Amino acid sequence: MIDFTFTEEQELFRKVAREFAEIKIAPHVPIMEETNRGWDEVIKELAEAEMIAITIPEEYGGLGMGYIARLIALEEIARVSVATAMMNQIFGLGIEPFIKFGTEEQKKKYLPKFATGERLATIAVTEPSGGSDPKGCRTKYKKGNGTYFLNGRKCFITNSHTADTQVVLAVDEDNPEAFTTFVVEKGLEGFKPTHEEHKMGMRGCNTGEIEMKNVSVPAENVLGGEGKGLKVAMTAIGDVGRGGMVGCALGLQQACLEAAVKFSNERILYGKSISNLQAIQFKIAEMKIDLEAGRLLGYRAAAMQDKGERSSNEFAVAKYYTTEAAQKAAKMAVDIHGGYGCMEEFPVTRYLRDSYVLGPSAGTSDIMKVIISRWALS
Amino acid sequence: MEEKSAPVFVVAEQGEGEIRSVSLQLVGKARQLADDLGSKVGVVLLGQNLTKVAQELVEAGADLVFKGDSDLLVPYQAELYSEMIVNIMVEHCPDILLIGSTFMGRELAPLIAAKLETGLAAHCIDLVINNEGILEQKIPAYGGKITIVCPEKRPQMATVANGVFPNPVLDIARSGEIIPIDVPKEFPLRVQTLEIVKEKSEGISLETASVIVAGGAGAGDHDGWHQIAELADLLNAGFGSTRPAVDAGWTELETMIGQSGKMVNPEIYIGVGLSGELQHMVGVVAAKIMIAINNDAKAPVFEQVDYGVVEDCRVFVPALVNKLKNNKAEARRAAHVN
Amino acid sequence: MLNIVVCVKAVPDSSMTAKLKIDPITKSLPRLDIPLVINPLDSHALEAALQLKKKYSAHITILCMGPPPAGNIVRECLALGADKGILLTDPAFAGADAFATAYTLAKAIEKNGPVDVVFCGMASSDGATEWVGPEIATFLNMPVVTMVREIVEDQGDEWIVKADYDHGHRKVKLKLPAVITVTRNLNQPRTLSFSGILKARSKEITVWDREKLDILAERVGLKGSPTYVTEMANLENRRKVEILEGSLQEKVERLVQILSDAGVV
């Protein structure tokens, strides 16, 4: 049936990711927090450590390590920096449509460069008219002579300014039922990132808006076939997007638990560590329970994904559970710190802010419930 | 030999005509063990211009000093030294062989032990003959002390650091035999010390410092380490460390105090940001006053010191340094006024 | 091509060994599941071999004696770039002191075939006797240099190295084949990478037990150890501590007072 242990090799993957996060990423965190910048250096580190190549098949220059390995890596990175894990997971999300739906030419053209970090990807679906309602998308495309003209605006896009290769969802100007995903590349006239967001959490992870004004996209940049856009976008977001959020959330839960344990062991009240007090112990127990449960949900879905099975429902459950749990864990960690929990030199303040950005990313908790109820009622 | 028991031997080490303190200490200890066993103390001494040193060894308690005095024996050559020492061991079959855990000793001892196919205990902090006449070798481990024995093979070998045993009182009236031994002619050396280079040693010598500040993992990073260094500086103290600090790269191995590092004997010891692991604490042989600063109230160090401060050293040390600086400044101003 | 053997020991993760304490009542060690890692100094030994491999072309064999989980350590070394691994594991090897360990490792090195250099960390983080390297050299009838901090000349079969010595270092000429034990200062070990782990999939780990090594039972493990542990006891150095009370500033003042009374300031 099920073996709940990681293989020797997976433990080594985890070791690589943990050491990478602690040694290479941790030093960047303070700058990212202070300035909401610093992502160029971080992206260089991610590329050098082969973090972006994890899901790309070997024959296209990637490592082909699979989605369990991806989840392990994201978990470990998020434990140190949720912002970094988010960036990396969205690169992966932008890459996924090429892997699943790209033509041989497209795969050969883009995947090797994604693997080395020479090109960076993202996916652009959300608009002011809704992310939870992708069909309400107002970015339009008009067919021309062997080309398509795109017009519209996308918002809350992670890696909006850093990604030079964006998978953009648009609706046919003449047919509101037809959606297509296009590969929109930096340098195309009329395409540019515009407004940058200042998020309360995941600072240092670039989020912003992109604008397309009569962008002429060649026909070979249609990804997954004309009219298939919703399938392309939703498949990628359903597995890889949600799966990535699970990684971010699990890492954050782990960080919250470690901070809570450390503080409660060191903090002396009434003559001994507060870890001796049941109220504190119970909070820690809840954090532990949620972490154990979240891990099982996440790795179960990832295992299915590795087997090639459809896993978007399982990921919806995992995404809902872990992102909600991370928010709870962050609050509990802050509470355990007492007054110190409000002081910025304690990382739990960052954990609290980061946790709230996990919720609406890759589908809100309410949307997850819509999906899960559909699954249960079918 | 017509003794009741086999002798206790020491491999002595000298440099530039001076005997190493650890060698004298081990001869003193060997004397005590030999008296317990009713046997003699033998010493092997290799080097050049050894007359004075050989005599000192007798005064410290040696009955026999096997002296190899030749320019071929300077500097230390592993294969030649081990060959000559092993020959003496085979001829005299000692019960016990002690070697100082100096750089030379730490390399030479296992070479000898392997050749003689006998057992060896490293970095001992005590040696005792038990009721069965076996040498009990005590070493610190796992937060306590473990006893090692080598019941069958001979000699029972142990290496001991400088400072574990006291300096013996030299008795100029003691007499002993000094036996010259020959260096094997044309001995092929596959490993050859070409030269020994002294490097500048900085700072107050830990072995002689009367105040020592030791820093550990609690320093957190280079900045935290510099804070502790500043404290040591202000107190005119020797600045030592624990293994985690060395491993983190904040300081060199030479500053490490402990079982496999230096043994120190200060009046005042202040342990900062260290947990009190036995491997380190055993290096503090004796101190009048011991103080610890650590943020973990449960740290074992608080059971081994006279005064404890439960605070994050990264917060406490700067505050302490500040206060000391202010006091100094005030004292200077007062001196000026007067 | 250089044939290199790197001896690696699997040791408990030192960040957690603080929990491994002699129980004051049973006077023995509790059974704790502390994960095994590569002995830190052995990482430097492996790094030295990997750098030589890059320079001159070399074949690196990892040799590790330990319980079956030590195989993970061998695999990690292969992922770092070694070519082949040998795990020596057998219940008969348990309880080995430095002598028996060195003997077993030496026999395995002999069985493995011709070797030019054997690299070892100068000491293990858990035993820390520093003897296994020199004893292996003696059993193999090879010369040894301990505590090497720099390899100055490494061409041909006569090397020049610098080793820590007293208040400085010594310069040593060494004829291969030889054993070299290394210090931290020799190099900076590389970190694991994903591609290294994937490449290790095709590398072989051979497992040898006592029979395969053709060693007599009396020469290995506890039986083959001239020394063994007879007793464990607890710390005797206990002092009655006064924990300073009050605010941070109050504690600072009190400590300054203590130091002043002691004549330090």
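Each reported figure results from applying straightforward, stated rules to the coordinates on display, with no laboratory input. In this text the structure is predicted, and so the values were computed from the model without any measurement. Cβ atoms come from the backbone with ideal geometry, glycine included; neighbour counts cover every protein chain shown.
For the peptide C:197-208, the mean number of other protein chain Cβ atoms found within 10 angstrom of a residue's Cβ is 2. Given 10 °C and 1.306 mPa s, how large is the Stokes-Einstein diffusion coefficient of region B:8-180 in µm²/s, with Rh as the Kirkwood radius over Cα pairs? Here the translational diffusion coefficient equals 100 µm²/s. Counting only other residues whose beta carbon sits under 13 Å from that of A:Phe182, what net charge do I get with K and R as +1, D and E as -1? Once positives and negatives cancel, what remains is +1. Relative protection proxy for B:66-75, A:346-355, from highest mean packing down: A:346-355, B:66-75 (other beta-carbon atoms within 10 angstrom). Reducing region A:29-74 and region C:56-117 to their Cα centroids gives an inter-centroid distance of 34 Å.
log₁₀ I(q)/I(0) of region B:95-167 at q = 0.21, 0.24, 0.25 Å⁻¹, via Debye over equal Cα point scatterers, no solvent, to two decimals? Taking Cα atoms of region B:95-167 as identical point scatterers yields -0.91, -1.14, -1.20.
Over chain B, DSSP H runs of length four or greater, each weighted -39,500 (n - 2.57), average out per residue to a 222 nm ellipticity of -9500 deg cm²/dmol. Under the shape rule built on the C-alpha gyration tensor, where the axes satisfy a ≥ b ≥ c, region A:8-116 is oblate, since a/c reaches at least 1.5 while a/b does not exceed b/c.
Against chain B, whose longest principal axis comes from its Cα atoms, helix B:51-60 is set at around 80 degrees. Ellipticity at 222 nm from helices only: DSSP H runs of n ≥ 4 in chain C, each -39500 (n - 2.57), divided by the residue count, give -8500 deg cm²/dmol.
Our note on the geometry: Cα centres of region A:271-304 and region A:310-373, 14 Å apart.
Placing +1 on the Cβ of every Lys and Arg and -1 on the Cβ of every Asp and Glu, with no other charges, gives the protein assembly as shown a dipole of roughly 2460 debye about its Cα centre. Across region A:284-295, coupling constants 3J(HN,Hα) worked out from phi with the 6.51/-1.76/1.60 Karplus curve, θ = phi - 60°, read 5, 4, 4, 4, 5, 4, 4, 5, 4, 5, x, 4 Hz, and Gly and Pro carry x. For the residues of B:99-108, the average number of beta carbons from a partner chain within 10 Å of their own beta carbon is 4. Descending by average beta-carbon neighbour count within 10 Å, the peptides A:202-209, C:215-222, B:324-331 line up as A:202-209, C:215-222, B:324-331, the highest first. Comparing mean-square fluctuations of A:Leu291, A:Leu269, A:Leu120 from a GNM of chain A with C-alpha springs under 10 Å, the top value falls on A:Leu269.
By other beta-carbon atoms within 10 Å, ranking B:Ile99, A:Ile268, B:Ile129 with the fewest at the front produces A:Ile268, B:Ile129, B:Ile99. Compactness ratio for region C:2-219: Cα radius of gyration over 2.2 N^0.38 Å (N = residue count) comes to 1.01. Near A:Glu127, the amide H atoms lying under 5 Å from its own belong to A:Cys155; only residues 5 or more places off or on other chains count, and H is placed 1.01 Å from N. Counting beta carbons within 10 Å around each of B:Tyr76, A:Tyr141 and listing the fewest first gives the order B:Tyr76, A:Tyr141.
Relative to the longest principal axis of chain C, what angle (0 to 90°, nearest 10) does the C-alpha long axis of helix C:40-56 take? For helix C:40-56, the angle is close to 40 degrees. Dividing the summed helix terms, -39500 (n - 2.57) for each DSSP H run of n ≥ 4, by the number of residues in chain A produces a 222 nm estimate of -16500 deg cm²/dmol to the nearest 500. At R0 = 25 Å, how high is the FRET efficiency between B:Asn326 and B:His222 if r is their beta carbon distance? Nearest 0.05 is fine. For B:Asn326 and B:His222, the calculated efficiency is 0.45. Between the C-alpha center of region B:33-62 and that of region C:194-258 there is a gap of 36 Å. Farthest toward the dipole's positive end in region A:8-116, which of A:Gln106, A:Ile43, A:Tyr60, given Cβ charges of +1 (Lys, Arg) and -1 (Asp, Glu) about the Cα centre? So the residue furthest toward the plus end is A:Gln106.
In this structure the amide hydrogen of B:Asp126, modeled in the peptide plane, comes within under 5 Å of the amide hydrogens of B:Lys138, none closer than 5 places in sequence on its chain.
Under a model in which nothing but the beta-carbon of Lys, Arg (+1) and Asp, Glu (-1) is charged, region A:150-287 shows a dipole of about 920 debye around its Cα centre. What angle do you read, to the nearest 10 degrees and between 0 and 90, between the alpha-carbon axis of helix C:98-112 and the longest principal axis of chain C? Compared with the principal axis, the helix lies near 30 degrees.
For the residue pairs B:Lys40/C:Lys173; B:Lys288/B:Lys325; A:Lys331/C:Lys240; C:Lys111/C:Lys175; A:Lys44/C:Lys162; A:Lys113/C:Lys199, the alpha carbons lie more than 32 Å apart in B:Lys40/C:Lys173; A:Lys331/C:Lys240; A:Lys44/C:Lys162.
For the listed peptides B:211-218, A:223-230, a ranking on the average number of other beta carbons within 10 Å per residue, highest first, reads B:211-218, A:223-230. Neighbour counts of other Cβ atoms within 10 Å put B:Val272, B:Val285 in the fewest-to-most order B:Val285, B:Val272. Counting only other chain Cβ atoms within 10 Å of each residue's Cβ, the peptide C:122-132 averages 5. Tell me, what is a quarter of the convex hull surface for the C-alpha atoms of the protein assembly as shown, in nm² with one decimal? Approximately 47.9 nm², given one-decimal rounding.
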